[in-house]
Each structure stands twice: as structure tokens, then as C-alpha cells.
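Inspection log for the structure reproduced underneath, given as C-alpha cells.
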Amino acid sequence: MTGSEWFSAMPGGLNRYFTDLFTALRCRTDLDLSATAFGSPPTGGQSWGDTGGSTWSRVTAAFTDRTGLAPAGVLDRHFCLYGPAAIDRSRRRPLVVHFHGPWAAESRFAGTTELRARAKYLVERIRYAGAQRFVVLSSHFRDVLIEDYRVPADRIEVIPPGVDLDRFAGLPKPDVPDHRRIVLCVRRLEHRMGIHRLIEAWPAVTAAHADAHLVIVGTGTAENDLRRQVTAAGLDQDIEFLGRIEDSALARWYSRAELTVVPSIALEGFGLIALESLATGRPAVVSDCGGLPDAVRDLDPTLVVPADNAEALATRLVAALDGALPSPLRCRAHAETFSWAVAAQRHHTLYQGLAA
């Protein structure tokens, strides 16, 4: 397995998934496994070095490294830039590509130039060439691969992720200072995450529930714009930015919250954050964006709201604070259906079929 960064070095959905999948696969006794990414690895993992440095130096270090590559076996690549080629001088290895999102489209949405976006798309196509299988977390990204990357449908496996049920164990709700009712949003602060719509929705929420308090966890390129939006709306007392926090602190914030909200407006593959929230017994209101509904639809379809719609989001959050939410026990039971053991078994079956 090759990734981008280990989660301990660079928190984020892709890195969380890569690290947790490696941990789940490493528990198996029927698999000879190695995994490499940048940053400090967990037990059994390997590293190409620190997360800093130029992109070129990182690409070179990852491309030329052969540590852990057996003469035979499957190469499972989780980010197109990093990792060796599937072909060496002696043989071609079966290649699995985990498609976590359209890198070029994400860059275009973030405001990069069209030339840079096209260059990234070309890199993606080159690094995806020859892959025997693609793994996606939701049917939405399967459709993206088919439509935008012209990948045959029979090469795509939809394998939902798992959630660490021990790390995000259900906790009793503690007392909250000033009797605030916390709504938690854990996101990278980028425009496509829809946090600007959540801020637009918040005055209607506080009009109905004066004790509602929005806590936003994360960092990103849109942070300054979002902070200015909060100040301009006079919401500095009602909305709090925490920045990046440790995993242990995140679990405590989940337990303090009434619910979480994931308001993405574009390019959302699944939404591991929603599963983490549910594992702690806290419902997640999510937008109808990409694969997000897959995390909550079978629990309560009313938790899904139209994407990019502040009014609909406000209405659902007000109803949630009125009590229209599934219970903590139901949330936890639903999260338990997303097991890393099941995801690891499906990956092992995939690897076996390709290596045979």
C-alpha cells in the first residue's frame, strides 16, 4: 500500500482512511503487508520521510523507493502522485487504485488555473493507466470514474469504509459551559465543504434556539474568508473556530455535541466524519452531496438535506434541536454496521483474486 501521509502527520479523510485500512489489514494473519506514506508511521508502517519539502522531492522519493515491494504481489496506490510504478524491469504487478476523489476537479473548484487543473488530470490518467481494479467508497465516485475518467464499470469495486469503534466510543454527554447546545462541524475549511452555507443558516437556528452554539473544527484555505463572514454577520458569540485538534479531543467534542453537520456542496466521496459522529452516538445532518447520504440514509433519511441550500439546512437544524433526531443508541448501532473487519475482508478477497 502507498499513500500520501500517515494520519498522525497530516489529519484528513484520505489519510485517516489509509491509516485505518492498513491497521485493519495488519490484524490479519493471511496477508503479507507493507504500507508507506510520508510522516511518522504507525507500528508496522514505513515512511518516505517528513511531510515537508518540495512536491518534486517527495514524488522522487516515493517513486524510486522499493522498500517492502515483494517480487510478486499487488500494489495498492491511494494517491496518484506517490508510490512506485506498477512495472519494474522484471515484471508487472497487479495495480489497485483507491480513488478518493478527482484531484484535478478539486483543484479547479479551489480556484487553481485551468492549465494546472489539466496537468493534474493528465497525471491522474497516467498513474491510473493499467490498473486492474479501482476501489471507491460510494456509488457516486464509481460514476465519476466511469463518466470523467472512462474507467470500465467492471473494474470498479465499491467498498464502504469502516469506522474505529473503539477510538470513537459512545460517551455520556457531559455538562457544557453556559448551558450551550453545541452543533459540531468537522471539516477542512475549503469552499466546497459548504461551511459558508452553514454560517448563512445559523441566524435562523439561533432565532429558534438562542442557546445553540456552532463549533467548527479544522483548517484550510477558506478559513480567513469564513471568519470574516462570521464577523460581518455579527455571529462571533455564536460561532467558534477551534482549528486543528487532536483525536482524543475530537472524541470529547463529539460527546459534548447535540449533533454534527456535514454541509458539503461538491466532490464528497463518503464522509468518514459522519460515521465518527454516529459511533459516538451523535446524529449527523449531511447534505445530499456525492456519497455523503450513504453514511446516514439507512438510519434516518431526514438527516439528508439539499446541498448548497442554507434555508433547508437551517430548517433541519432547528428541527434537530427541537428533538427530531435518532437516539444515541440507534446512532451507535448504525455505525457498528460499518466494520473495518468487513472492509478488510473485502480488500483481502480483491487482492487474492488479482494475485492468483
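Summary of values
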quantity: Ser107, sole failed condition from (1) among the polar types (S, T, N, Q); (2) in a loop (DSSP other than H, G, I, E, B); (3) at pLDDT below 90; calculated: (2)
quantity: Near pairs, Cβ below 7 angstrom, 6+ apart or cross-chain, from region 229-244 (touching a residue at least 40 places away in the same chain (Cβ under 8 Å)) to any residue that is among the hydroxyl-bearing types (Ser, Thr, Tyr); calculated: Arg244/Thr219
quantity: Extreme residue, modelled with the lowest pLDDT, among residues of region 337-356 that are assigned to a loop (DSSP other than H, G, I, E, B) and within 10 Å of Pro160 (Cα to Cα); calculated: Ser339
quantity: Elements of type strands (runs of 3 or more DSSP E) contained in region 1-84, each with 2 or more residues being of a type in the set (Gly, Ala, Ser); calculated: 2-5
quantity: Odd one out for Leu329 among (1) exposed (fewer than 14 other Cβ atoms within 10 Å of the Cβ); (2) assigned to a loop (DSSP other than H, G, I, E, B); calculated: (2)
quantity: Index of the failed condition, Leu189 passing every other in (1) part of a helix (DSSP H, G or I); (2) farther than 30 Å from Leu95 by Cβ; (3) touching a Ser or Thr at 6+ places or on another chain (Cβ under 7 Å); calculated: (1)
quantity: Candidates Leu350, Leu299, filtered to the one that is assigned by TED's automatic domain parsing to the domain that holds His196 and either touching a Lys or Arg at 6+ places or on another chain (Cβ under 8 Å) or within 18 Å of Gly271 (Cβ to Cβ) (or both); calculated: Leu299
quantity: Hey, Arg125 without any contact (Cβ under 8 Å) to a residue 60 or more places away in the chain, in a helix (DSSP H, G or I) and surrounded by fewer than 18 Cβ atoms within 10 Å (Cβ to Cβ) or not; calculated: yes
quantity: Options Val318, Val261; residue that is outside the structural domain of Ser139 (by TED's automatic domain parsing), within 15 Å of the chain's Cα centre (by Cα) and either in a loop (DSSP other than H, G, I, E, B) or buried (at least 17 other Cβ atoms within 10 Å of the Cβ) (or both); calculated: Val261
quantity: Residue within region 22-41 that is over 23 Å from Ala341 (Cβ atoms), without any contact (Cβ under 8 Å) to a residue 60 or more places away in the chain and exposed (fewer than 15 other Cβ atoms within 10 Å of the Cβ) present; calculated: yes
quantity: Selection count, region 128-148, where residues are in a helix (DSSP H, G or I) and either within 19 Å of Asp76 (Cβ to Cβ) or under 17 Å from the mean Cα position of the chain (by Cα) (or both); calculated: 7
quantity: The listed residue being closer than 25 Å to Asn15 by Cα and under 15 Å from the mean Cα position of the chain (by Cα), out of Leu226, Leu272; calculated: Leu272
quantity: Unmet criterion (only one of (1) out of contact with any Asp or Glu (no Cβ under 6 Å at 6 or more places or on another chain); (2) among the aliphatic types (A, V, I, L, M); (3) buried (at least 17 other Cβ atoms within 10 Å of the Cβ)) for Ala341; calculated: (3)
quantity: Pairs where the first residue, in region 198-212, is in a helix (DSSP H, G or I) and the second is crowded, with 23+ Cβ neighbours inside 10 Å, C-beta under 6 Å, 6+ apart; calculated: Leu198/Pro263; Ala201/Leu313; Trp202/Leu214; Val205/Leu317
quantity: Residues located in region 220-250, provided they are surrounded by fewer than 21 Cβ atoms within 10 Å (Cβ to Cβ), aliphatic (A, V, I, L, M) and under 18 Å from Val318 (Cβ atoms); calculated: Ala233, Leu235
quantity: Filtered residues of region 301-311 (kept if touching a helix residue (DSSP H, G or I) at 6+ places or on another chain (Cβ under 8 Å) and part of a loop (DSSP other than H, G, I, E, B)); calculated: Pro306, Asp308, Asn309
quantity: Subset tally (residues that are touching a residue at least 12 places away in the same chain (Cβ under 8 Å) and part of a helix (DSSP H, G or I)) for region 149-173; calculated: 2
quantity: Hits in region 197-219 (condition: more than 15 Å from Leu317 (Cα to Cα) and surrounded by fewer than 17 Cβ atoms within 10 Å (Cβ to Cβ)); calculated: Thr219
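The values are calculated or read from the model by the stated rules, or taken from the named source; none is laboratory data. Please read these numbers as outputs of a predicted model, since none were measured by experiment. Cβ coordinates were reconstructed from backbone atoms using ideal geometry, including for glycine residues, and neighbour counts include every protein chain displayed.
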